[in-house]
1. Give me the angle, in degrees from 0 to 90, between the Cα long axis of helix 116-127 and the longest principal axis of the Cα atoms of the chain, rounded to the nearest 10.
2. Report, please, the projected area of the chain averaged over directions, based on the convex hull of its C-alpha atoms, in nm².
3. Mind giving me the FRET efficiency for residue 38 and residue 164? R0 is 45 Å, r the Cβ-Cβ distance, nearest 0.05 is fine.
4. Would you list which lysines come within 24 Å of residue 207, measuring only between C-alpha atoms, while excluding same-chain residues fewer than 8 positions from it?
5. Using a Gaussian network model on the chain with a 10 Å cutoff between Cα atoms, which of 92, 217, 109 fluctuates the most?
6. Give me the distance in nm between label points sitting 7 Å out from Cα along the Cα-to-Cβ direction at residue 8 and residue 64, one decimal.
7. Over the chain, give the accessible area per residue in Å² for a 1.4 Å probe, as an integer.
8. For residue 20 and residue 52, what is the calculated FRET efficiency with R₀ set at 35 Å and r taken between the beta-carbons, to the nearest 0.05?
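The values are calculated or read from the model by the stated rules, or taken from the named source; none is laboratory data. Just so we're clear, the structure is a prediction, and the values are computed from it rather than from any experiment. No Cβ is skipped: glycine too gets one built from the backbone with ideal geometry, and neighbour counts run over all protein chains shown. Only protein heavy atoms, including side chains, enter the accessible area calculation; ligands, DNA and RNA are left aside. Shrake-Rupley method; radii C 1.70, N 1.55, O 1.52, S 1.80 Å.
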Amino acid sequence: MTEGAGEKDARVVVVDDQTVVREGIVMLLGLLPGIEVVGAAGDGDEAVRLVAELRPDVVLMDLRMPRCDGVEATRRIRAEHPGTQVVVLTTYADDESLFPALRAGARGYLTKDAGGDEIVRAVRSVLSGDAGLSPSIQRRLLERLSEPERASAVPTEVPDGLTMRETEVLVLIAEGLSNQDIARRLHVSTATVKTHINNLFAKTGLKDRAQAVRYAYGKGLVRPPTG
């Protein structure tokens, strides 16, 4: 990518908890036109501190980190420093990673197999007010938008402190879906589904799926079939 006349380098902070990966990204970015790496952080807390100190244009943000993860760091950065954009750069492209990051305020989302040109395009896109999404992420968003809405959509008010995703899993249990079916529907792993089920059982005091079905109907999360 060739810089336009008078176009300033984008000032970038790199955030990744793995030292080798972080240093590799910094090294790669140092070879790219239009990018100036001004700092690097090993977790979300450090990222927020660096943004406050350095006021970068863009943060390249890993997601799964100890202490303060990338979603929480993104939320804090966008709330406290709205002049700094966030582009997620992660190994993971599943719904459990993608949608929370976008809801937290990330304007771009790349996986770590992205090439240098793709990173530069994403950085420039978010600085110009566009979204910096990899082609695979754009396809996933389109697939999600094109999925038919279920009649038993998850309500905005959820009971007993359940998260929206836990409530969604509960609704799918009440609809008779197996863990494998739920995983396919939500585009997550069966292990993730089991974690959500364990969490929602603990919060509601439910013991088994039969109780979960009765609970979902009793709370009005699903409606009995008519006709």
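1. 80 degrees
2. Quarter of the Cα hull surface area: 14.2 nm².
3. Values: r = 36 Å, r/R0 = 0.80.
The pair residue 38/residue 164 has a calculated efficiency of 0.80.
4. 194, 219
5. Maximum fluctuation in the GNM of the chain, among the listed residues, is at 217.
6. 3.7 nm
7. 51 Å²
8. Plugging the Cβ-Cβ distance into 1/(1 + (r/R0)^6) gives 0.85.
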